[in-house]
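Heads up: the structure comes next, in structure tokens.
The values are calculated or read from the model by the stated rules, or taken from the named source; none is laboratory data. Nothing here was measured: the structure is a model prediction, and the numbers come from that model. Note that each Cβ is placed from the backbone with ideal geometry, even for glycine, and that neighbours are counted across all protein chains shown.
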Amino acid sequence: MDLSLFITKAGMEKLQKRINELLSERPEVIKAVAIAREHGDLSENAEYKAARERQRGIDSELDHLRRRAPQLKVVDPSQIPDHAKLGVYFGSYCVAQDLSDGKAETYQVVGAEELNFTFEEGVQAVSIVSPIGKALYQKKPGEIAIVEAPRGRRQLKIIEIK
């Protein structure tokens, strides 16, 4: 099963919202390009270059999201029966203590595509396919997740799953 295709229900809603934001912003940017074009010499027109760059950025992100969204599998964590027995699962929150410094942090395991749209105060969103996400996945309270990351090895003790 390709976990990189998973996205939470909330993540998909945020992704769709982002697509709509881009679609509504695009006409304004196209208008700005047209206005900047009217100012004459395009080779020295910073306004034009900035507007074109913004248009390319919007078009690129929009294209990516529109192609990716139909491939994603929406998983509603509230529909997972007996999730407490599974340990840390897709969409769940967990509190884990870093054994090297004793600091506890709350993580939410989400899909890779929703990382850019997941912002919650006091919660670190981690992709299910990231080193931390893979290490936390299916761990139960009291177990230690060993994270093999580019910054080095970390040990996270699972304190609580929410």
Among the residues of segment 96-116, how many are buried (at least 18 other Cβ atoms within 10 Å of the Cβ), of a type outside the set (Val, Ile, Thr) and either out of contact with any strand residue (DSSP E or B) (no Cβ under 6 Å at 6 or more places or on another chain) or farther than 16 Å from Arg68 by Cα (or both)? 3
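Please determine, by comparing only the residues of segment 44-53 that are of a type outside the set (Gly, Ala, Ser) and crowded, with 17+ Cβ neighbours inside 10 Å, which one is modelled with the highest pLDDT. If you could, list the steps in order and put the result at the bottom.
Quick first cut of segment 44-53, residues of a type outside the set (Gly, Ala, Ser) only: 44-45, 47-49, 52-53.
With crowded, with 17+ Cβ neighbours inside 10 Å added as a condition, the list becomes 48, 52.
Details: Tyr48: 84, Arg52: 89.
Taking the candidates together, the pick is Arg52.
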Mind telling me which of the residues Lys31, Lys17 ends up being surrounded by fewer than 13 Cβ atoms within 10 Å (Cβ to Cβ), modelled with pLDDT of 90 or more and closer than 14 Å to Asn116 by Cα? Lys17
Outside the structural domain of Glu120 (by TED's automatic domain parsing), closer than 30 Å to Val109 by Cβ and loosely packed, with under 12 Cβ neighbours inside 10 Å: does that describe Ser60? yes
Taking the residues in segment 128-153 that are at pLDDT 95 or above and assigned to a strand (DSSP E or B) as candidates, determine which candidate is surrounded by the fewest Cβ atoms within 10 Å (Cβ to Cβ). Ile146
State whether one or more residues within segment 87-95 are crowded, with 16+ Cβ neighbours inside 10 Å and within 30 Å of Ala32 (Cα to Cα). no
Looking only at segment 44-67, count every residue that is more than 25 Å from the chain's Cα centre (by Cα) and either under 17 Å from Glu114 (Cα atoms) or of a type in the set (Gly, Ala, Ser) (or both) and tell me the total. 3
Of all residues making up segment 100-121, the number that are part of a loop (DSSP other than H, G, I, E, B) and either aliphatic (A, V, I, L, M) or under 16 Å from the mean Cα position of the chain (by Cα) (or both): 4
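Looking only at segment 74-99, which residues are within 19 Å of Glu160 (Cβ to Cβ) and in a loop (DSSP other than H, G, I, E, B)?
First pass over segment 74-99, keeping only residues within 19 Å of Glu160 (Cβ to Cβ): 77-78, 80, 82-99.
Passing the criteria: Ile80, Asp82, Gly87, Val88, Tyr89, Phe90, Gly91, Ser92, Leu99.
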Could you please tell me which pairs satisfy a Cβ distance under 8 Å, a separation of 6+ or placement on different chains, a first residue in segment 132-159 that is free of Cβ contacts under 8 Å to residues at least 40 places away in the same chain and among the β-branched types (Val, Ile, Thr), and a second residue that is surrounded by 17 or more Cβ atoms within 10 Å (Cβ to Cβ) and not in a strand (DSSP E or B)? Ile146/Ala135; Val147/Pro131; Val147/Ile132; Val147/Ala135
Apart from one, (1) under 26 Å from Gln138 (Cβ atoms); (2) under 17 Å from the mean Cα position of the chain (by Cα) all hold for Pro70; the odd one out is (1)
Residue match in segment 17-25 (condition: touching a residue at least 40 places away in the same chain (Cβ under 8 Å), of a type in the set (A, V, I, L, M) and touching a strand residue (DSSP E or B) at 6+ places or on another chain (Cβ under 9 Å)): no
